[in-house]
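J.: Starting off with a structure, shown below.
None of the figures in this text is laboratory data; all of them are computed from the coordinates on show. Remember, predicted model here, so these are calculated numbers, not experimental data. Neighbour counts run over all protein chains shown; Cβ positions are idealised from the backbone, glycine included.
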Amino acid sequence: MRSAILISFLSILTLPMTAIGDPPAYTNAAIQGQYKCFLTAYSLPAKANQPFAATATGDITTVADGNGKLSSGTWDHTIDAPGLHIGCKLALSSGTYSINSDGSGSESLSWRLVKSDSSPECATYFPDTAPAGNAEIVVTDPSGKIFYTSSLNPVAILAVACQK
């Protein structure tokens, strides 16, 4: 009887450990459904020893298909910089994303300014000919309940947190 228990115990110890200790594999399906996102933009300092300052915020709603495409989205963006307070409304023109097996990834988004719902000054920041913006993605869990993006443009660093 003892030898049968010992053999059973040893056989359990020799089983592959993949199911116990390996981190989950991520795919594009990790981001699927509607997300509500909050954006903070930090303007680039004029000098290296100056701090970053939050100069804009935004509320973004987007829908991901689980296959690498963002099918729709809106972005309400408020720019609050010295001497400037404007509101901009944008609509998603196109969006794609790719998630690596470790949960990192990238996205490419193109937004269109909704001029009728935006301050005239918004065209300076969101011209009609603006190229698609690229961002890095970090998915916090395979269920995709929360993910983060960050990107750098010529005037700011954009940090975004998204949640289902």
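J.: Just checking my list (i) 76, 38, 31; (ii) 46, 37, 33; (iii) 84, 40, 22 against Cα extents along the principal axes in Å computed from this structure; which label fits?
T.: Structure-derived value, by its label: (iii).
J.: Taking the chain as a Gaussian network, Cα atoms linked when under 10 Å apart, which of 86, 137, 99 shows the biggest mean-square fluctuation?
T.: Answer for the Gaussian network model of the chain: 86.
J.: With a sphere of radius 13 Å drawn around the Cβ of residue 61, what net charge do the other residues whose Cβ falls strictly inside it have (Lys, Arg +1; Asp, Glu -1)?
T.: That sum, taken over residues with Cβ under 13 Å, equals +1.
J.: Reachable lysines from residue 36, Cα under 23 Å, same-chain residues fewer than 8 places away excluded?
T.: 69, 89, 115, 145, 164
J.: Right, next: Taking H as built 1.01 Å from N, whose amide H comes closer than 5 Å to the amide H of residue 111, not counting residues under 5 places away?
T.: For residue 111, whose amide H was placed from the backbone, the distant partners under 5 Å are 93, 133.
J.: Turning to a different aspect of this structure: Using a 7 Å offset from the Cα along the Cα-to-Cβ direction at both residue 163 and residue 80, what is the distance between the two label points in nm, to one decimal?
T.: Once both label points are built, they end up 2.0 nm from each other.
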